[in-house]
Each structure stands twice: as C-alpha cells, then as structure tokens.
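The values are calculated or read from the model by the stated rules, or taken from the named source; none is laboratory data. Everything numeric in this text was worked out from a predicted model, so none of it was measured. Note that each Cβ is placed from the backbone with ideal geometry, even for glycine, and that neighbours are counted across all protein chains shown.
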Amino acid sequence: MQKLRLDLVDLLLSTTHYPLPTIPMPRTIFDAVRSSVHARLQIDFHPQPAGEPTDAPPGSREKLDAMCRRVVRGEELFHSEDKPDYESEG
C-alpha cells in the first residue's frame, strides 16, 4: 500500500507524465502590453490633445486630478502650457 501511494504521488508530481505548460515571461512592461489582449485585438488608440493647461504644480494632488480627468476624456496626459515647476508663476 505504501509503495502504491508513493507511485501515485510520483506520477502526479512527475513532469515527464504531465509536463507543465511553459508561459514565456515578458522581459519588460512594454513586452507585456504588446502581448496583451488589446494588442491582439489591434486596438489603435490615439489620445486627443489635452484641452486646458493646469496651474497645479507637478506632483501635487491637483495636478494628478487634472491628469486623471484628461485620461477619462481620452486626452494626452500633458499640456504644453502646464505649469512646469513649483517656482514658475501660473
């Protein structure tokens, strides 16, 4: 009985009888995106230019909120007239 049990465990754990599928691991996040469902469906997304610039400083909660609103509207994350740093005005 003990021998039969060991043979069964051996059989279940053996990769020669039941090879595990090998899934290639993407090397970078870009490789992962390229191989994603979106890439296979060939979705071609081109964001619209950002509507309005923001006076919020980079990294602030206000700037992050503005960027989130842009994403929801399908716009680019950055506007050329966004406040570039904490020191500059407007």
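Below is a table of values for the structure above.
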item: Qualifying residues in segment 61-80 (those that are under 21 Å from Phe45 (Cβ atoms) and basic (Lys, Arg)) - the one surrounded by the most Cβ atoms within 10 Å (Cβ to Cβ); result: Arg70
item: Filter result for Phe30 (surrounded by fewer than 11 Cβ atoms within 10 Å (Cβ to Cβ) and either at pLDDT 80 or above or in a helix (DSSP H, G or I) (or both)); result: yes
item: Residue check, Arg70 modelled with pLDDT under 75 and not in a loop (DSSP other than H, G, I, E, B); result: no
